Amino acid sequence: MTLDWSIVPASAGALAHGALITIALTVLTMAVAVPCGIVVALLRESRFKPIAFLATCFVELFRNLPIILVVYWAFYVMPVVLDLSFSPFVTGLVALCLNNTAYNSETFRSGIRSIRKGQTEAALAMGMSEGQAFRKIVLPQAWRRVLPVLATTWVTLFKDTSLVSVIAVGDLAHTAMQIRSQSFRVIEMLTAMAAIYWLLGYPQAKLADWIHKKFGVTE
Amino acid sequence: MTIATAPQTAATVLQYRDVQKLYGDFVALQGVSMEVKKQQVVCLIGPSGSGKSTLLRCTNALETIDGGEILFDGVRLPKDRTAIRKVRQRMGMVFQNFELFPHKTAIENVIMGPSTVLGLSDEASRDRAEALLKKVGLADKAKNYPANLSGGQQQRVAIARALAMEPEVMLFDEPTSALDPETIGEVLNVMKALADDGMTMIVVTHEMTFARRVADHVVVFERGEIIEQGPPKQIFEAPTTARTRDFLGHLGWDG
(Lines give C-alpha, C1' and ligand atoms only; values in the text may rest on other atoms or scores of the structure.)
Protein backbone atom coordinates (compact mmCIF):
# COMPACT_ATOMS: atom_id res chain seq x y z
CA MET A 1 0.00 0.00 0.00
CA THR A 2 1.39 3.35 -0.99
CA LEU A 3 0.62 6.48 0.91
CA ASP A 4 0.65 9.87 -0.67
CA TRP A 5 0.71 12.55 1.99
CA SER A 6 0.94 15.35 -0.52
CA ILE A 7 -2.87 15.44 -0.49
CA VAL A 8 -2.73 16.96 2.98
CA PRO A 9 -0.72 20.14 2.25
CA ALA A 10 -2.57 20.40 -1.06
CA SER A 11 -5.85 20.56 0.88
CA ALA A 12 -4.50 22.87 3.59
CA GLY A 13 -6.66 25.80 2.58
CA ALA A 14 -9.88 23.78 2.56
CA LEU A 15 -9.05 22.08 5.85
CA ALA A 16 -8.24 25.41 7.49
CA HIS A 17 -11.57 26.77 6.32
CA GLY A 18 -13.30 23.66 7.70
CA ALA A 19 -11.49 24.08 11.02
CA LEU A 20 -12.67 27.69 11.19
CA ILE A 21 -16.27 26.57 10.65
CA THR A 22 -15.84 23.99 13.43
CA ILE A 23 -14.50 26.64 15.80
CA ALA A 24 -17.27 29.07 14.81
CA LEU A 25 -19.90 26.38 15.49
CA THR A 26 -18.42 25.71 18.92
CA VAL A 27 -18.17 29.37 19.91
CA LEU A 28 -21.61 30.32 18.60
CA THR A 29 -23.28 27.28 20.18
CA MET A 30 -21.84 28.13 23.59
CA ALA A 31 -22.65 31.83 23.15
CA VAL A 32 -26.29 30.87 22.68
CA ALA A 33 -26.51 27.80 24.93
CA VAL A 34 -25.01 29.39 28.04
CA PRO A 35 -27.51 32.27 28.45
CA CYS A 36 -30.35 30.03 27.22
CA GLY A 37 -29.24 27.37 29.70
CA ILE A 38 -29.54 29.90 32.54
CA VAL A 39 -33.00 30.92 31.35
CA VAL A 40 -34.22 27.32 31.05
CA ALA A 41 -32.78 26.52 34.50
CA LEU A 42 -34.74 29.45 35.94
CA LEU A 43 -37.92 28.42 34.11
CA ARG A 44 -37.60 24.93 35.61
CA GLU A 45 -37.48 26.50 39.06
CA SER A 46 -40.46 28.71 38.26
CA ARG A 47 -43.25 28.89 40.83
CA PHE A 48 -45.67 28.78 37.91
CA LYS A 49 -46.02 25.02 37.45
CA PRO A 50 -46.97 24.81 33.73
CA ILE A 51 -43.84 26.81 32.84
CA ALA A 52 -41.65 24.59 34.99
CA PHE A 53 -43.25 21.56 33.36
CA LEU A 54 -42.61 22.79 29.81
CA ALA A 55 -39.00 23.60 30.65
CA THR A 56 -38.56 20.12 32.14
CA CYS A 57 -40.02 18.57 28.99
CA PHE A 58 -37.58 20.56 26.85
CA VAL A 59 -34.60 19.45 28.90
CA GLU A 60 -35.59 15.81 29.11
CA LEU A 61 -36.34 15.67 25.38
CA PHE A 62 -33.11 17.15 24.09
CA ARG A 63 -30.85 15.71 26.75
CA ASN A 64 -31.95 12.19 25.92
CA LEU A 65 -31.87 12.29 22.13
CA PRO A 66 -28.67 11.54 20.22
CA ILE A 67 -27.32 14.79 18.77
CA ILE A 68 -27.09 13.27 15.32
CA LEU A 69 -30.82 12.59 15.42
CA VAL A 70 -31.54 16.19 16.42
CA VAL A 71 -29.32 17.30 13.53
CA TYR A 72 -31.29 15.17 11.05
CA TRP A 73 -34.55 16.31 12.61
CA ALA A 74 -33.59 19.97 12.27
CA PHE A 75 -32.59 19.38 8.66
CA TYR A 76 -35.49 17.28 7.41
CA VAL A 77 -38.40 17.71 9.81
CA MET A 78 -38.16 21.32 11.01
CA PRO A 79 -38.69 22.82 7.53
CA VAL A 80 -41.79 20.67 6.99
CA VAL A 81 -43.41 20.83 10.43
CA LEU A 82 -42.44 24.34 11.56
CA ASP A 83 -41.99 25.83 8.11
CA LEU A 84 -38.52 27.00 9.11
CA SER A 85 -35.60 26.40 6.84
CA PHE A 86 -32.11 27.70 7.23
CA SER A 87 -28.75 27.15 5.64
CA PRO A 88 -27.03 23.91 6.69
CA PHE A 89 -24.72 25.92 8.97
CA VAL A 90 -27.58 27.56 10.87
CA THR A 91 -29.52 24.30 10.93
CA GLY A 92 -26.55 22.53 12.48
CA LEU A 93 -26.15 25.41 14.91
CA VAL A 94 -29.81 25.13 15.97
CA ALA A 95 -29.44 21.40 16.64
CA LEU A 96 -26.27 21.86 18.69
CA CYS A 97 -27.85 24.75 20.63
CA LEU A 98 -30.92 22.69 21.52
CA ASN A 99 -28.78 19.88 22.88
CA ASN A 100 -26.33 22.13 24.71
CA THR A 101 -28.99 24.38 26.17
CA ALA A 102 -30.56 21.30 27.75
CA TYR A 103 -27.21 20.21 29.17
CA ASN A 104 -26.18 23.67 30.35
CA SER A 105 -29.52 24.25 32.05
CA GLU A 106 -28.92 21.16 34.17
CA THR A 107 -25.41 22.35 34.95
CA PHE A 108 -26.66 25.76 36.03
CA ARG A 109 -29.55 24.33 37.96
CA SER A 110 -27.27 22.20 40.11
CA GLY A 111 -24.91 25.15 40.50
CA ILE A 112 -27.69 27.47 41.60
CA ARG A 113 -29.07 24.86 43.98
CA SER A 114 -25.65 24.38 45.55
CA ILE A 115 -25.67 27.96 46.85
CA ARG A 116 -26.97 27.97 50.43
CA LYS A 117 -30.47 29.35 50.93
CA GLY A 118 -29.01 31.62 53.61
CA GLN A 119 -27.21 33.61 50.92
CA THR A 120 -30.50 34.54 49.26
CA GLU A 121 -32.03 35.23 52.67
CA ALA A 122 -29.17 37.56 53.59
CA ALA A 123 -29.72 39.45 50.34
CA LEU A 124 -33.49 39.61 50.84
CA ALA A 125 -33.05 40.66 54.47
CA MET A 126 -31.16 43.77 53.37
CA GLY A 127 -34.05 44.68 51.11
CA MET A 128 -32.95 43.34 47.73
CA SER A 129 -35.59 42.07 45.34
CA GLU A 130 -35.52 38.39 44.43
CA GLY A 131 -34.13 39.35 41.02
CA GLN A 132 -31.31 41.38 42.57
CA ALA A 133 -30.52 38.60 45.03
CA PHE A 134 -30.26 36.16 42.13
CA ARG A 135 -28.19 38.36 39.83
CA LYS A 136 -25.85 39.86 42.38
CA ILE A 137 -25.47 37.10 44.95
CA VAL A 138 -26.52 33.66 43.69
CA LEU A 139 -25.53 33.73 40.01
CA PRO A 140 -21.94 34.99 40.48
CA GLN A 141 -21.28 32.23 43.02
CA ALA A 142 -23.06 29.56 40.97
CA TRP A 143 -21.12 30.67 37.91
CA ARG A 144 -17.80 29.99 39.62
CA ARG A 145 -18.97 26.55 40.64
CA VAL A 146 -20.22 25.52 37.20
CA LEU A 147 -17.29 26.92 35.23
CA PRO A 148 -15.31 23.65 35.37
CA VAL A 149 -18.34 21.71 34.13
CA LEU A 150 -18.91 24.22 31.33
CA ALA A 151 -15.27 23.84 30.32
CA THR A 152 -15.74 20.08 30.00
CA THR A 153 -18.94 20.63 28.02
CA TRP A 154 -17.01 22.95 25.73
CA VAL A 155 -14.36 20.33 24.97
CA THR A 156 -17.03 17.71 24.29
CA LEU A 157 -18.97 20.14 22.11
CA PHE A 158 -15.90 20.93 20.03
CA LYS A 159 -15.68 17.27 19.02
CA ASP A 160 -19.45 16.81 18.74
CA THR A 161 -19.72 19.59 16.15
CA SER A 162 -18.42 16.95 13.71
CA LEU A 163 -21.91 15.39 13.81
CA VAL A 164 -23.32 18.27 11.75
CA SER A 165 -21.17 17.09 8.84
CA VAL A 166 -24.02 14.68 7.99
CA ILE A 167 -26.06 17.61 6.70
CA ALA A 168 -23.18 18.99 4.64
CA VAL A 169 -22.15 21.85 6.88
CA GLY A 170 -18.64 22.68 5.66
CA ASP A 171 -16.99 21.97 9.00
CA LEU A 172 -13.67 20.21 9.44
CA ALA A 173 -15.13 16.70 9.45
CA HIS A 174 -17.27 17.28 6.39
CA THR A 175 -14.47 18.97 4.46
CA ALA A 176 -12.02 16.18 5.24
CA MET A 177 -14.57 13.53 4.27
CA GLN A 178 -15.26 15.31 1.00
CA ILE A 179 -11.58 15.42 0.09
CA ARG A 180 -11.27 11.77 1.08
CA SER A 181 -14.03 10.64 -1.20
CA GLN A 182 -12.78 12.73 -4.10
CA SER A 183 -9.12 11.73 -3.78
CA PHE A 184 -9.56 8.18 -2.39
CA ARG A 185 -6.77 9.05 0.08
CA VAL A 186 -8.66 7.49 2.97
CA ILE A 187 -5.87 6.83 5.45
CA GLU A 188 -4.11 10.12 4.76
CA MET A 189 -7.22 12.22 5.18
CA LEU A 190 -8.52 10.39 8.26
CA THR A 191 -5.09 10.74 9.85
CA ALA A 192 -4.87 14.43 8.96
CA MET A 193 -8.35 14.99 10.31
CA ALA A 194 -7.52 13.20 13.56
CA ALA A 195 -4.31 15.23 13.89
CA ILE A 196 -6.09 18.54 13.37
CA TYR A 197 -8.92 17.73 15.80
CA TRP A 198 -6.39 16.59 18.36
CA LEU A 199 -4.09 19.59 17.95
CA LEU A 200 -7.02 21.95 18.34
CA GLY A 201 -8.71 19.95 21.08
CA TYR A 202 -5.69 19.27 23.29
CA PRO A 203 -5.02 22.90 24.30
CA GLN A 204 -8.71 23.31 25.05
CA ALA A 205 -8.67 20.23 27.25
CA LYS A 206 -5.60 21.58 29.04
CA LEU A 207 -7.35 24.90 29.53
CA ALA A 208 -10.34 23.04 30.96
CA ASP A 209 -8.00 21.20 33.34
CA TRP A 210 -6.56 24.52 34.45
CA ILE A 211 -10.05 25.91 35.04
CA HIS A 212 -10.88 22.79 37.07
CA LYS A 213 -7.85 23.39 39.23
CA LYS A 214 -8.44 27.10 39.64
CA PHE A 215 -12.18 27.10 40.22
CA GLY A 216 -12.98 23.48 41.04
CA VAL A 217 -12.15 23.73 44.72
CA THR A 218 -14.78 25.57 46.70
CA GLU A 219 -14.62 26.82 50.26
CA MET B 1 -23.14 48.20 84.07
CA THR B 2 -26.10 48.91 81.82
CA ILE B 3 -26.25 52.33 80.28
CA ALA B 4 -29.23 52.58 77.95
CA THR B 5 -32.34 51.48 79.77
CA ALA B 6 -35.38 52.23 77.68
CA PRO B 7 -37.86 54.48 79.37
CA GLN B 8 -41.26 52.90 79.93
CA THR B 9 -42.91 55.53 77.79
CA ALA B 10 -40.77 54.83 74.73
CA ALA B 11 -42.58 54.18 71.46
CA THR B 12 -43.34 50.59 70.55
CA VAL B 13 -41.28 49.50 67.54
CA LEU B 14 -42.53 45.96 67.19
CA GLN B 15 -45.66 44.38 68.48
CA TYR B 16 -46.51 40.68 68.19
CA ARG B 17 -50.12 39.72 68.76
CA ASP B 18 -51.06 36.06 69.09
CA VAL B 19 -48.57 35.06 66.35
CA GLN B 20 -49.00 31.53 65.02
CA LYS B 21 -46.69 29.63 62.71
CA LEU B 22 -47.14 26.11 61.40
CA TYR B 23 -44.82 23.85 59.44
CA GLY B 24 -47.27 21.23 58.23
CA ASP B 25 -48.55 19.61 61.42
CA PHE B 26 -45.76 21.06 63.54
CA VAL B 27 -46.75 24.12 65.52
CA ALA B 28 -43.66 26.32 65.60
CA LEU B 29 -45.33 29.30 67.27
CA GLN B 30 -48.58 29.08 69.16
CA GLY B 31 -50.00 32.43 70.12
CA VAL B 32 -46.92 34.51 70.83
CA SER B 33 -47.52 38.04 72.10
CA MET B 34 -44.81 40.49 73.08
CA GLU B 35 -43.54 43.92 72.24
CA VAL B 36 -40.28 45.70 71.65
CA LYS B 37 -39.87 49.35 72.52
CA LYS B 38 -37.55 51.86 70.98
CA GLN B 39 -33.93 51.46 72.15
CA GLN B 40 -34.79 48.29 74.00
CA VAL B 41 -32.63 45.17 73.88
CA VAL B 42 -34.86 42.12 73.99
CA CYS B 43 -33.23 38.72 74.35
CA LEU B 44 -35.12 35.59 73.31
CA ILE B 45 -33.92 32.52 75.17
CA GLY B 46 -35.09 28.94 75.47
CA PRO B 47 -34.24 25.45 74.27
CA SER B 48 -33.38 24.76 70.61
CA GLY B 49 -36.48 24.41 68.46
CA SER B 50 -38.62 26.42 70.83
CA GLY B 51 -39.56 29.02 68.21
CA LYS B 52 -37.18 31.91 69.00
CA SER B 53 -35.51 31.98 65.60
CA THR B 54 -38.81 31.41 63.85
CA LEU B 55 -40.26 34.51 65.51
CA LEU B 56 -37.21 36.51 64.45
CA ARG B 57 -37.51 35.28 60.86
CA CYS B 58 -41.20 36.15 60.83
CA THR B 59 -40.30 39.67 61.94
CA ASN B 60 -38.73 40.55 58.58
CA ALA B 61 -40.99 38.19 56.63
CA LEU B 62 -38.36 35.61 55.74
CA GLU B 63 -41.15 33.37 57.05
CA THR B 64 -44.83 34.14 56.76
CA ILE B 65 -47.12 33.81 59.76
CA ASP B 66 -50.27 31.69 59.81
CA GLY B 67 -52.19 33.61 62.43
CA GLY B 68 -52.13 36.74 64.58
CA GLU B 69 -50.25 39.81 63.49
CA ILE B 70 -46.93 41.59 63.70
CA LEU B 71 -46.95 45.38 63.77
CA PHE B 72 -43.82 47.30 62.86
CA ASP B 73 -43.99 50.94 63.83
CA GLY B 74 -47.74 50.52 64.28
CA VAL B 75 -48.28 49.07 60.81
CA ARG B 76 -49.08 45.46 60.09
CA LEU B 77 -46.35 43.68 58.09
CA PRO B 78 -47.41 43.88 54.45
CA LYS B 79 -47.88 40.86 52.17
CA ASP B 80 -46.98 42.71 49.00
CA ARG B 81 -43.41 41.98 47.92
CA THR B 82 -42.41 45.53 47.13
CA ALA B 83 -43.84 46.76 50.41
CA ILE B 84 -42.06 44.04 52.37
CA ARG B 85 -38.76 45.11 50.77
CA LYS B 86 -39.29 48.60 52.17
CA VAL B 87 -39.84 47.12 55.64
CA ARG B 88 -36.76 44.91 55.40
CA GLN B 89 -34.64 47.93 54.53
CA ARG B 90 -35.51 49.33 57.96
CA MET B 91 -34.46 46.16 59.80
CA GLY B 92 -30.95 44.74 59.97
CA MET B 93 -30.46 41.00 60.29
CA VAL B 94 -27.46 39.04 61.50
CA PHE B 95 -27.40 35.30 60.88
CA GLN B 96 -25.95 32.40 62.82
CA ASN B 97 -23.76 31.43 59.85
CA PHE B 98 -22.82 35.05 59.02
CA GLU B 99 -23.91 34.62 55.39
CA LEU B 100 -21.35 37.07 54.13
CA PHE B 101 -21.17 37.04 50.35
CA PRO B 102 -18.03 34.98 49.70
CA HIS B 103 -17.36 36.49 46.28
CA LYS B 104 -17.13 40.00 47.74
CA THR B 105 -14.48 41.52 50.00
CA ALA B 106 -15.39 42.66 53.50
CA ILE B 107 -15.92 46.25 52.42
CA GLU B 108 -17.82 45.23 49.28
CA ASN B 109 -20.18 43.23 51.50
CA VAL B 110 -20.88 46.37 53.51
CA ILE B 111 -21.16 48.61 50.44
CA MET B 112 -23.69 46.33 48.74
CA GLY B 113 -26.75 47.41 50.74
CA PRO B 114 -26.30 51.19 50.48
CA SER B 115 -25.32 51.07 46.79
CA THR B 116 -27.69 48.39 45.48
CA VAL B 117 -30.72 48.86 47.69
CA LEU B 118 -30.57 52.46 48.88
CA GLY B 119 -29.07 53.74 45.64
CA LEU B 120 -26.35 55.79 47.31
CA SER B 121 -23.40 56.98 45.23
CA ASP B 122 -20.28 54.80 45.18
CA GLU B 123 -18.41 57.37 47.22
CA ALA B 124 -21.11 57.77 49.88
CA SER B 125 -21.50 53.98 50.15
CA ARG B 126 -17.77 53.52 50.55
CA ASP B 127 -17.49 56.25 53.17
CA ARG B 128 -20.30 54.68 55.14
CA ALA B 129 -18.77 51.20 54.84
CA GLU B 130 -15.34 52.40 55.94
CA ALA B 131 -16.78 54.12 58.98
CA LEU B 132 -18.72 50.98 59.95
CA LEU B 133 -15.78 48.63 59.50
CA LYS B 134 -13.83 50.98 61.75
CA LYS B 135 -16.65 50.88 64.26
CA VAL B 136 -16.52 47.06 64.44
CA GLY B 137 -12.72 47.19 64.62
CA LEU B 138 -11.98 45.79 61.17
CA ALA B 139 -10.79 48.80 59.17
CA ASP B 140 -7.58 46.92 58.37
CA LYS B 141 -9.45 43.89 56.99
CA ALA B 142 -11.54 45.83 54.44
CA LYS B 143 -9.96 44.13 51.44
CA ASN B 144 -10.05 40.61 52.85
CA TYR B 145 -12.43 38.05 51.43
CA PRO B 146 -14.64 36.31 54.02
CA ALA B 147 -12.65 33.09 53.58
CA ASN B 148 -9.63 34.94 54.97
CA LEU B 149 -11.38 36.16 58.10
CA SER B 150 -11.98 34.36 61.36
CA GLY B 151 -15.55 33.54 62.37
CA GLY B 152 -15.66 36.42 64.81
CA GLN B 153 -14.35 38.82 62.18
CA GLN B 154 -16.87 37.57 59.64
CA GLN B 155 -19.70 38.12 62.07
CA ARG B 156 -18.50 41.64 62.82
CA VAL B 157 -18.44 42.39 59.08
CA ALA B 158 -21.97 40.97 58.90
CA ILE B 159 -23.03 43.35 61.67
CA ALA B 160 -21.44 46.27 59.78
CA ARG B 161 -23.25 45.12 56.64
CA ALA B 162 -26.59 45.18 58.43
CA LEU B 163 -25.85 48.57 60.00
CA ALA B 164 -25.01 50.02 56.59
CA MET B 165 -28.74 50.17 55.87
CA GLU B 166 -29.12 52.40 58.96
CA PRO B 167 -31.86 50.16 60.33
CA GLU B 168 -34.31 51.10 63.05
CA VAL B 169 -34.05 47.68 64.61
CA MET B 170 -31.43 44.94 64.53
CA LEU B 171 -32.36 41.26 64.56
CA PHE B 172 -29.68 38.85 65.75
CA ASP B 173 -30.29 35.15 65.11
CA GLU B 174 -27.93 33.25 67.42
CA PRO B 175 -25.03 35.45 66.32
CA THR B 176 -22.40 33.60 68.34
CA SER B 177 -23.60 30.00 68.07
CA ALA B 178 -21.30 29.13 65.16
CA LEU B 179 -18.23 30.78 66.68
CA ASP B 180 -15.16 29.39 68.39
CA PRO B 181 -15.31 30.25 72.08
CA GLU B 182 -12.34 32.61 71.84
CA THR B 183 -14.04 34.82 69.23
CA ILE B 184 -17.46 35.03 70.89
CA GLY B 185 -16.37 37.92 73.11
CA GLU B 186 -15.38 40.25 70.27
CA VAL B 187 -18.83 39.88 68.69
CA LEU B 188 -20.69 40.33 71.97
CA ASN B 189 -18.61 43.46 72.67
CA VAL B 190 -19.68 44.96 69.35
CA MET B 191 -23.31 44.12 70.16
CA LYS B 192 -22.99 45.61 73.62
CA ALA B 193 -21.57 48.83 72.14
CA LEU B 194 -24.48 48.93 69.73
CA ALA B 195 -26.93 48.54 72.59
CA ASP B 196 -25.18 51.31 74.52
CA ASP B 197 -25.60 53.54 71.45
CA GLY B 198 -29.34 53.06 71.80
CA MET B 199 -29.99 50.60 68.98
CA THR B 200 -33.23 48.66 69.26
CA MET B 201 -32.27 45.00 69.22
CA ILE B 202 -33.86 41.57 69.32
CA VAL B 203 -31.31 38.91 70.10
CA VAL B 204 -31.92 35.17 69.93
CA THR B 205 -29.14 33.80 72.08
CA HIS B 206 -27.80 31.06 74.29
CA GLU B 207 -25.35 33.50 75.89
CA MET B 208 -27.01 33.92 79.27
CA THR B 209 -24.36 36.28 80.59
CA PHE B 210 -25.02 38.61 77.67
CA ALA B 211 -28.79 38.38 78.17
CA ARG B 212 -28.42 39.11 81.84
CA ARG B 213 -26.08 42.06 81.47
CA VAL B 214 -27.29 43.72 78.29
CA ALA B 215 -30.98 42.88 77.87
CA ASP B 216 -33.73 45.20 79.07
CA HIS B 217 -36.28 42.49 78.60
CA VAL B 218 -35.88 38.72 78.43
CA VAL B 219 -38.41 36.40 76.82
CA VAL B 220 -38.29 32.66 77.54
CA PHE B 221 -39.60 30.33 74.84
CA GLU B 222 -40.58 26.70 75.08
CA ARG B 223 -42.37 24.63 72.45
CA GLY B 224 -43.51 27.65 70.47
CA GLU B 225 -44.85 29.50 73.47
CA ILE B 226 -43.62 32.27 75.69
CA ILE B 227 -43.48 30.75 79.16
CA GLU B 228 -42.21 33.83 80.91
CA GLN B 229 -41.00 37.33 80.12
CA GLY B 230 -39.68 40.19 82.16
CA PRO B 231 -36.58 42.11 83.16
CA PRO B 232 -33.40 39.99 83.34
CA LYS B 233 -33.27 40.33 87.10
CA GLN B 234 -36.62 38.60 87.40
CA ILE B 235 -35.89 35.89 84.81
CA PHE B 236 -32.47 34.95 86.12
CA GLU B 237 -32.85 35.57 89.84
CA ALA B 238 -36.49 34.96 90.57
CA PRO B 239 -38.15 33.10 87.72
CA THR B 240 -41.85 32.76 88.38
CA THR B 241 -42.42 29.51 86.52
CA ALA B 242 -41.01 26.07 87.15
CA ARG B 243 -40.32 25.67 83.43
CA THR B 244 -38.02 28.69 83.35
CA ARG B 245 -36.24 27.34 86.42
CA ASP B 246 -35.92 23.98 84.66
CA PHE B 247 -34.50 25.55 81.51
CA LEU B 248 -31.97 27.66 83.38
CA GLY B 249 -31.15 24.70 85.58
CA HIS B 250 -30.33 22.58 82.53
CA LEU B 251 -27.84 25.23 81.46
CA GLY B 252 -26.13 24.94 84.82
CA TRP B 253 -27.17 28.51 85.51
CA ASP B 254 -27.32 29.22 89.20
CA GLY B 255 -27.77 32.95 89.35
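The values are calculated or read from the model by the stated rules, or taken from the named source; none is laboratory data. Just so we're clear, the structure is a prediction, and the values are computed from it rather than from any experiment. Please note that ligands, DNA and RNA were not included when accessible areas were found on the heavy atoms of the full protein model with its side chains. Shrake-Rupley method; radii C 1.70, N 1.55, O 1.52, S 1.80 Å.
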Cα centroid distance between segment A:70-146 and segment B:77-133, in Å?
29 Å
Considering only the protein assembly as shown, what is the antiparallel percent among its DSSP beta bridges, to the nearest 5?
55 percent
So if the hydrodynamic radius of segment A:94-219 is defined as the Kirkwood radius over C-alpha pairs, what does Stokes-Einstein give as its diffusion coefficient at 37 °C and 0.692 mPa s, in µm² per second?
189 µm²/s
Over the heavy atoms of A:Trp5, what accessible area does a 1.4 Å probe trace out, to the nearest 10 Å²?
110 Å²
Lysine pairs in segment B:107-255 with alpha-carbon atoms under 28 Å apart, 8 or more places apart or on different chains: how many are there?
7
For q = 0.12 Å⁻¹, what log10 I(q)/I(0) does chain B give under the Debye formula with an equal point scatterer on each alpha carbon and no solvent?
-0.70
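For segment B:14-93, what is the accessible area per residue in Å², given a 1.4 Å probe and the full set of protein chains?
Per residue, segment B:14-93 has 43 Å² of solvent-accessible surface.
For segment A:109-187, calculate the relative contact order in percent as a whole number, restricting contacts to Cα pairs under 8 Å that are 6 or more residues apart. Kindly include the intermediate steps, with their values, before the conclusion.
Numbers: 34 pairs, mean separation 16.6, N = 79.
It rounds to 21 percent for segment A:109-187.
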Per Stokes-Einstein, at 25 °C and 0.890 mPa s, what whole-number D in µm² s⁻¹ belongs to segment B:144-185, with the Kirkwood radius over Cα pairs as the hydrodynamic radius?
220 µm²/s
If you take the alpha carbon radius of gyration of segment A:1-99 and divide it by 2.2 N^0.38 Å, what ratio comes out, to two decimals?
1.47
Ignoring ligands and nucleic acids, what accessible area does A:Ile7 show with a 1.4 Å probe (Å², nearest 10)?
30 Å²
Computed over all unlike Cα pairs, the Kirkwood hydrodynamic radius of the protein assembly as shown in Å stands at 26.4 Å
Per residue, what volume in Å³ does the convex hull of the Cα atoms of segment B:169-255 enclose?
104 Å³
Longest principal axis of chain B (C-alpha) makes with the long axis of helix B:151-163 (C-alpha) an angle, in degrees to the nearest 10, of 90 degrees
Determine the total buried accessible area between chain B and chain A, counting protein heavy atoms only with a 1.4 Å probe; round to the nearest 100 Å².
1800 Å²
Find the all-direction average of the projected area of the Cα convex hull for segment B:132-215, expressing the result in square nanometres with one decimal place.
5.3 nm²
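Are there any helices in chain A, counted as whole DSSP H runs, that stretch 18 Å or more along their axis by Cα and score at least 0.0 on average by Kyte-Doolittle, and if so which? Before the final figure, lay out each step's value.
On the way: long enough: A:12-44 (46 Å, 1.92); A:49-63 (21 Å, 1.11); A:88-113 (37 Å, 0.22); A:139-160 (29 Å, 0.33); A:186-215 (42 Å, 0.53).
Helices passing the filter in chain A: A:12-44, A:49-63, A:88-113, A:139-160, A:186-215.
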Just the accessible area for B:Arg243, please: 1.4 Å probe, Å², rounded to the nearest 10?
100 Å²
Just the Cα atoms of segment B:1-147: what Rg and Dmax do they give in Å?
17.9, 50
25 °C / 0.890 mPa s Stokes-Einstein diffusion coefficient of segment B:23-100, Kirkwood radius on C-alpha pairs, µm²/s
175 µm²/s
By accessible area of protein heavy atoms, probe 1.4 Å, what ranking do A:Ser105, B:Ser150 get, highest first?
B:Ser150, A:Ser105
